[in-house]
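Below: the structure, in structure tokens.
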Amino acid sequence: MNNFLPFSLPDIGEEEINEVVDSLRSGWITTGPKAKRFEEDFQAYLGGGVGAIAVNSATSGLHLALEALGVTEGDEVIVPTYTFTATAEVVRYLGATPIFVDSEVDTLNIDPQLIEAAITKRTKAIVPVHFAGLPCNMNSIFSIAKKYGLRIVEDAAHAFPAKYEGNLVGTLGSDVTVFSFYANKTMTTAEGGMLVSANEDILARARVMRLHGISKDAFDRYQSKKPSWYYEVIEPGFKYNMPDICAAIGIHQLKKIDKFKARRALMANRYTEALSDLPVILPNNGKDVLGTEHAWHLYTIRLSECAGLSRDKFIELMMKEGLGCSVHFIPLHKHPIWRNTYQLTNEQFPVADKAYSSIVSIPFFTKMSDEDQIRVIITMRNILE
Ligand SMILES: *Cc1c(COP(=O)(O)O)cnc(C)c1O
């Protein structure tokens, strides 16, 4: 199809391309000066006294975060069912048990009341996911964590840059926040992520574990008589560093992020205005929480029962018109590994289950033209009116 509009595409400019070429020509292609600069720029963007550690994916970042918090065998970690499998799989990397929780109907974010009901003596941490870029009800989650002595790792794969009550996600005071720079996220490094924390011990641990458990602090490099090639391995660590080729992209994506964010907000408003009279449930725009700003990673609609056609049929009709759609998410309780391992049923997760049956992510990315968006709107009106 020559006129196909995908549901998402990255927005890469000449600046990114030139910076990658510069890395290639320099001979320094893996983690080096550009990864360091990207971390510093990211940290400066967030402010709020947090440190940032670049990693090769958000999945790695989530793994490092839970590892640094000491999550281990026998522990339970509360995750939403309405997320990508990475959120739960990292819990398993550490031999701990993910405990799945249903969502709020309106936002599809994890339901704080159900978090409280899922807490046991073994619970160690909560991993809230800011679905589509709309921050979770963090006040409730913070007060639950405080009451039960739990740690919080925010899966902010969708939420850069989002604000909750006036503060950027990443600076809200949870133990760790992890962002994703996968190709379709709000900014990209092709593959990559950023682990953010205000806790120096967590940052130090994640830095060591990010690169093979090699410690630069185990001995004093300057006082000791050891030669420069010497290093010590203090843990069986991981290989999660971000190459400079990826950081080169990230440096320039970050410079454009406010422009990207404004464009996403404008496009979301346009969809919301143009689709409001159709038999669809439109996404919560976050406006009912003062100071909250949606990052608009995704624009999702839910088909109302009165729409008279199934979600699958809707996507098929959109595809026939050359419009790509996707589904976020197939809830974790519906995937064989999670369903079978933990005997999960649809009845345990009525909100996520119902949302899944009707939800569609429609084409939404900064490089889409206004004409592209009008085409999506007209096609949707033709299908649903
Ligand atoms: C994309 C995504 C991840 C994983 O991000 P990667 O950078 O691809 O590892 C984790 N959680 C959620 C909710 C995501 O959408």
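Values in this text are rule-based calculations from the coordinates and carry no lab data. No experiment lies behind these values; they were computed from the predicted model shown. Every residue, glycine as well, gets a Cβ built from its backbone with ideal geometry; the counts of neighbours run over all protein chains shown.
Values as computed for the structure displayed
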| item | result |
| --- | --- |
| Residue among 124, 259, 34 with the largest mean-square fluctuation in a Gaussian network model of the chain, springs linking Cα atoms under 10 Å | 259 |
| Ordering of 26-33, 175-182 by packing [mean C-beta count within 10 Å, highest first] | 175-182, 26-33 |
| Highest-MSF residue in the chain out of 48, 13, 193 [GNM, Cα springs under 10 Å] | 13 |
| Percent antiparallel among DSSP beta bridges (both partners in the range 61-130, rounded to 5) | 10 |
| Built amide H within the under 5 Å cut-off of residue 126, gap 5+ | 78, 151, 152, 153 |
| Computed label-point distance, nm, for sites residue 290 and residue 320 using a 7 Å Cα→Cβ extension | 5.0 |
| Net charge dipole size for the range 281-355 [Lys, Arg +1 and Asp, Glu -1 on Cβ; Debye, nearest 20] | 120 |
| Assigned charges on the beta-carbon of Lys, Arg, Asp, Glu; the chain dipole about Cα centre (debye) | 580 |
| ³J(HN,Hα), Karplus 6.51/-1.76/1.60, whole Hz, each residue of the range 15-32, x for Gly, Pro | 4, 4, 4, 5, 5, 5, 4, 4, 4, 4, 6, 6, x, 9, 9, 9, 3, x |
| Under the Karplus curve 6.51 cos²θ - 1.76 cosθ + 1.60, θ = phi - 60°, whole-Hz ³J(HN,Hα) for the range 320-332, x wherever Gly or Pro sits | 4, 8, x, 10, x, 10, 9, 10, 10, 10, 7, x, 4 |
| Distance in nm between pseudo-label sites at residue 224 and residue 345 (7 Å out along the Cβ direction from Cα) | 5.8 |
| For the range 347-355, 3J(HN,Hα) per residue [Karplus equation, 6.51 cos²θ - 1.76 cosθ + 1.60, θ = phi - 60°, Hz, x = Gly/Pro] | 5, 6, 10, x, 5, 4, 5, 5, 4 |
| Signed unit charges on C-beta, dipole axis of the range 16-141, positive-most listed residue 29, 55, 82 | 29 |
| Charge dipole (the range 183-287, unit charges on Cβ, about Cα centre) - positive-most of 209, 282, 233 | 282 |
| The chain: antiparallel DSSP beta bridges as a percent of all, rounded to 5 | 60 |
| Label point distance in nm, residue 310-residue 201, each placed 7 Å from Cα along Cα→Cβ | 5.3 |
| For the range 72-127 and the range 316-358, distance of Cα centres in Å | 17 |
| On Cα atoms only, tilt of 257-275 relative to the major axis of the chain in degrees | 20 |
| Choice from 137, 284, 269 with maximal GNM fluctuation in the chain (Cα, 10 Å cutoff) | 269 |
| Pairs from 124/147; 163/185; 147/334; 163/259 whose Cα-Cα separation, in the structure shown, is over 20 Å | 147/334 |
| Prolate/oblate/rounded label for the chain (Cα gyration tensor, a/c 1.5) | oblate |
